[in-house]
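Structure first, then comments.
The values are calculated or read from the model by the stated rules, or taken from the named source; none is laboratory data. These figures come from a predicted structure and were not determined experimentally. Glycine also receives a Cβ, built like all others from the backbone with ideal geometry; neighbour counts cover every protein chain displayed. Keep in mind that these areas ignore ligands, DNA and RNA; they rest on the heavy atoms of the full protein, side chains included. Shrake-Rupley method; radii C 1.70, N 1.55, O 1.52, S 1.80 Å.
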Amino acid sequence: MNRLVVFAAAMAAWLAYFYAVDWAIMDVQGLPVGWDLMPRL
Amino acid sequence: MRLDRAFVLLAVAVSLVALAAVALAAGDSASLAAPAPTRADYPTIGGIGGRPVVWALAQMHLFLAAFVLAVPIFVLVIELTGVLARDARYDVMAREFMKISIAAYSLTALAGGGLTLALFLFYPVVMGYLMRVFQGQVLVYALLFVLESVFLYVYYYSWDALRYGDRKWFHLSIGLLLNGVGTTLMFVANSWVTFTMAPSGVDSSGAVTGTIWQIMQGPLWNPLNLHRFLANIAYGGAIVGAYAAYRFLSARTAEARAHYDWMGYTSNFIAVVGFLPLPFAGYWLMAEIYAYSQQMGITAMGGVLAWLFIIQAVLIGSILLAVNYYLWCGLGRTEGGARYTGYVKYIAVVLVGGFLVWVTPHTLILTPEEVRVLGGTHHKVLGPLGIMPAKNMAVNLMLLATFLSFQLFRRASRTPTATWAWAGNAVIVALYLVGTLNIVGAGLYGYITPTVYKVGSSVPQVATTLSVIVFCLIIDGLMGRGAIKSDVRWGRMSVRSQYALFVLPVAFTWLMALMGYIRSSVRTHWHVYTIMRDTSPEAYIPTIGDAGNMITLVTVAFMAVIIFVFWLTQLDTSKQLAPSEAMP
């Protein structure tokens, strides 16, 4: 059970990390980020 | 101590000469327009034009130079590792790497001299113009070459004289100077190449308007510097890996086999370390080419040369498969490796899948009949795999898979004792999963957006791959503290695995020649892009078939040279018995 909790927490943490990095990189390039990205999808 | 003082004096003397040369280089540049050569300015010798001769010599020089410049870089790192780890084995291996490089050094200079003569012989007007542009900087190059030779020989021959204590640090400093000079030497030569592709410091007529620094610092200079620096390391690692494999296969004792197995593993590791960031450096160079001239970028990647990027994919795919295969075989060196062998098949699926996506062309060369049957020039299912988002996904996932193979090998000899090791593993698995998701997600995003977003979304993919590698190294490093290390049985490797080490230099050499052909071809019919036209009968991009022949010819020739170098290196260890000893 412990293992599952740690795994889930790690998944959430890495998702947040990569989301933040993606956001920063796209923003620096002047490309849409966050909700602005949605209309294009 | 006398020896040390002599080195200090030498260092001071060469610094003074270097300063003098830099001052010379900063002299006035003649502000004349670039000449316009006529057909008569391109001599042929025995019916042979300049291009094939210069092409072959330039390529051969580049192969050798890449090798001899790269080896001292990782030799210095290995030597330093030996000092810090207090392990003499590193020192022995580092010296042996240098021995191979020394044997190749004079051949590099010979090929370089041959190339210079051929250039002045076949392209006197072009060379006259380039000399006028670069002036004294060319002398700086010559001086750097002298310094490179001095440091190289002093570094190699003083190895045993400066082996322990403070003297060892002095020896390491000589190695550092050698690498500083060697890398600068390459950067100077790179500036000549990038000037012909994207000239700077001159006006549209070719008249010099800027300083030598402005001429050197063109838009493509630094991307090429980085790309070649990394590629050299990967290439050097691949070549010494082949040497280790050759010695492994011919070893007669278990001790020698163990030594050369370890050397082969280290070489493969060096090749991978240089290779992993290489696609990103290549991407930067290509992006700068597009930024400098869209036309030039399209010539490289959108026209007939685009097919070569498919061949490039085949070669890089082969390199990755060989590297991974070697690492998988290496799992057999430890008792703990068996627990990971079950995962190998999944890594293989990712690699083969990525390889197939990468080699899928976007536009097919079809007959009208085939176009009719297909209903267009693009295949309905496979066509979408031909564009960059698919390639970027494939490349990044293949690099991750390669890193995973390396990680498994490393873990095979370590059993962590940290109480939180189970949590660490969960975090690493989550990292790989989310990383893969991000790479695929960014790739899919690229499919449904215009080109600028496609290119933009490839950057997070690169960042993801690098993030996974860095975080895994950190977590593994922390988990590995106090780990129980099991013996790595060096020498317990299959013969087949050694052939994977032979694949690397052959594929790398072919790949370098291939990409060099593209890099040079993007100038199209210009000696110096947009400034000095090529009016020779050979002012066209050679066909892929012709280029393929030339590239293969030079690759085979280089392999022959390398076999000679290997033979020469091991000749040093064989001794003829004295007639009295040889008598029965």
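May I ask you to verify whether B:GLY446 is within 9 Å of chain A (Cβ to nearest Cβ), under 30 Å from B:GLN294 (Cα atoms) and not in a loop (DSSP other than H, G, I, E, B)?
Against the criterion (within 9 Å of chain A (Cβ to nearest Cβ), under 30 Å from B:GLN294 (Cα atoms) and not in a loop (DSSP other than H, G, I, E, B)), B:GLY446 does not qualify.
With respect to the numbered conditions (1) assigned to a helix (DSSP H, G or I); (2) within 21 Å of B:ALA513 (Cβ to Cβ), which one is the sole condition not fulfilled by B:ASP261?
(2)
Quick check on region B:563-584. Is at least one of its residues within 30 Å of B:TYR123 (Cβ to Cβ) and open to solvent by 20 Å² or more (accessible area, probe 1.4 Å)?
Yes - at least one qualifying residue is present in region B:563-584.
In the list B:TYR265, B:TYR292, which residue meets the criterion of being crowded, with 18+ Cβ neighbours inside 10 Å, within 17 Å of B:PRO505 (Cβ to Cβ) and not small (Gly, Ala, Ser)?
Answer to the check: B:TYR265.
Filter region B:375-419 for residues that are without any contact (Cβ under 8 Å) to a residue 12 or more places away in the chain and open to solvent by 50 Å² or more (accessible area, probe 1.4 Å); which is farthest from B:VAL359 (Cα to Cα)? It would help to see each step written out before you state the result.
If we filter region B:375-419 for residues that are without any contact (Cβ under 8 Å) to a residue 12 or more places away in the chain, which is where we start, we get B:375-376, B:380-381, B:419.
After this cut, where a residue has to be open to solvent by 50 Å² or more (accessible area, probe 1.4 Å) as well, the list is B:375, B:380-381, B:419.
Details: B:GLY375: 22, B:LYS380: 16, B:VAL381: 15, B:THR419: 45 Å.
The extreme case among them is B:THR419.
From B:PRO219, B:PRO277, B:PRO223, which residue is at pLDDT 95 or above and either out of contact with any Ser or Thr (no Cβ under 8 Å at 6 or more places or on another chain) or closer than 20 Å to B:LEU504 by Cβ (or both)?
B:PRO223
Could you tell me whether B:GLN461 is at negative phi, modelled with pLDDT of 95 or more, within 26 Å of the chain's Cα centre (by Cα) and not hydrophobic (A, V, I, L, M, F, W, C)? First the steps, then the outcome.
Values: at negative phi: yes; modelled with pLDDT of 95 or more: no; within 26 Å of the chain's Cα centre (by Cα): yes; not hydrophobic (A, V, I, L, M, F, W, C): yes.
Judged against the criteria, B:GLN461 is not a match.
Of B:ASN392, B:ASN425, which residue is under 26 Å from A:TRP14 (Cα atoms) and out of contact with any helix residue (DSSP H, G or I) (no Cβ under 6 Å at 6 or more places or on another chain)?
None of the others qualify; the one that does is B:ASN425.
Among the residues of region B:324-331, are any modelled with pLDDT under 90, of a type in the set (A, V, I, L, M, F, W, C) and assigned to a helix (DSSP H, G or I)?
Checking region B:324-331: not a single residue is modelled with pLDDT under 90, of a type in the set (A, V, I, L, M, F, W, C) and assigned to a helix (DSSP H, G or I).
Mind checking whether some residue in region B:352-362 is among the aliphatic types (A, V, I, L, M), farther than 17 Å from B:PRO389 by Cα and buried (at least 17 other Cβ atoms within 10 Å of the Cβ)? Break it down into steps so the answer makes sense when it comes.
Narrowing region B:352-362 to residues among the aliphatic types (A, V, I, L, M): B:352, B:356-357, B:359.
The next check asks that each one be farther than 17 Å from B:PRO389 by Cα; those that pass are B:352.
With buried (at least 17 other Cβ atoms within 10 Å of the Cβ) added as a condition, the list becomes none.
No.
Just checking, does region B:248-258 include any residue being among the aromatic types (Phe, Trp, Tyr), surrounded by fewer than 21 Cβ atoms within 10 Å (Cβ to Cβ), more than 19 Å from the chain's Cα centre (by Cα) and in a helix (DSSP H, G or I)?
Checked region B:248-258: no residue is among the aromatic types (Phe, Trp, Tyr), surrounded by fewer than 21 Cβ atoms within 10 Å (Cβ to Cβ), more than 19 Å from the chain's Cα centre (by Cα) and in a helix (DSSP H, G or I).
With (1) of a type in the set (Lys, Arg); (2) farther than 23 Å from B:SER267 by Cβ; (3) assigned to a loop (DSSP other than H, G, I, E, B) as the list, and B:ARG519 as the residue in question, which single condition is left unmet?
Failed condition: (3).
Given (1) within 13 Å of A:PHE18 (Cα to Cα); (2) surrounded by fewer than 21 Cβ atoms within 10 Å (Cβ to Cβ); (3) free of Cβ contacts under 8 Å to residues at least 12 places away in the same chain, identify the lone condition not met by B:PRO450.
Condition not satisfied by B:PRO450: (1).
State whether one or more residues within region B:341-359 are free of Cβ contacts under 8 Å to residues at least 60 places away in the same chain and assigned to a loop (DSSP other than H, G, I, E, B).
No, that holds for no residue.
Would it be correct to say that B:LEU230 is open to solvent by 10 Å² or more (accessible area, probe 1.4 Å), in contact with a helix residue (DSSP H, G or I) (Cβ under 9 Å, 6 or more places away or on another chain) and of a type in the set (A, V, I, L, M, F, W, C)?
yes
Quick grid of which residues meet (1) outside any loop (DSSP other than H, G, I, E, B); (2) more than 30 Å from B:ARG489 (Cα to Cα); (3) within 11 Å of chain A (Cβ to nearest Cβ):
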site: B:VAL371; (1), (2), (3): yes, yes, no
site: B:LYS380; (1), (2), (3): no, yes, no
site: B:PRO384; (1), (2), (3): yes, yes, no
site: B:LEU404; (1), (2), (3): yes, no, no
site: B:THR419; (1), (2), (3): no, no, no
site: B:VAL429; (1), (2), (3): yes, no, yes
site: B:ILE439; (1), (2), (3): yes, yes, yes
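Of all residues being not β-branched (Val, Ile, Thr) and not in a helix (DSSP H, G or I) in chain A, which is modelled with the lowest pLDDT? Just the residue, please.
Per the stated criteria, the residue is A:LEU41.
Applying the selection to region B:301-315, what residues are in a helix (DSSP H, G or I) and either over 14 Å from B:VAL395 (Cβ atoms) or open to solvent by 20 Å² or more (accessible area, probe 1.4 Å) (or both)?
Listed by number, the residues that qualify are B:MET301, B:ALA306, B:TRP307, B:LEU308, B:PHE309, B:ILE310, B:ILE311, B:GLN312, B:VAL314, B:LEU315.
Of everything in region B:454-495, what is open to solvent by 50 Å² or more (accessible area, probe 1.4 Å) and either away from every other protein chain (no Cβ under 14 Å) or touching a strand residue (DSSP E or B) at 6+ places or on another chain (Cβ under 6 Å) (or both)? Give them in sequence order.
Those that are open to solvent by 50 Å² or more (accessible area, probe 1.4 Å) and either away from every other protein chain (no Cβ under 14 Å) or touching a strand residue (DSSP E or B) at 6+ places or on another chain (Cβ under 6 Å) (or both): B:LEU473, B:LEU478, B:ARG481, B:GLY482, B:ILE484, B:LYS485, B:ASP487, B:ARG489, B:TRP490, B:ARG492, B:VAL495.
Does B:VAL503 count as part of a helix (DSSP H, G or I) and farther than 30 Å from B:ALA251 by Cβ?
So B:VAL503 fails the test.
Would you check if B:THR360 is of a type in the set (Ser, Thr, Tyr) and at pLDDT 85 or above?
Numbers: of a type in the set (Ser, Thr, Tyr): yes; at pLDDT 85 or above: yes.
In short, yes.
Run B:VAL54 past the list (1) at pLDDT below 95; (2) under 24 Å from B:ALA547 (Cβ atoms) and report the number of the one that doesn't hold.
So the condition that B:VAL54 fails would be (1).
B:TRP213 is checked against (1) surrounded by fewer than 23 Cβ atoms within 10 Å (Cβ to Cβ); (2) among the aromatic types (Phe, Trp, Tyr); (3) in contact with a Ser or Thr (Cβ under 9 Å, 6 or more places away or on another chain) and fails just one. What number does that condition carry?
So the condition that B:TRP213 fails would be (3).
Checking the conditions here, which among B:LEU62, B:LEU80 is touching a residue at least 24 places away in the same chain (Cβ under 8 Å), within 14 Å of B:LEU115 (Cβ to Cβ) and open to solvent by 40 Å² or more (accessible area, probe 1.4 Å)?
B:LEU62
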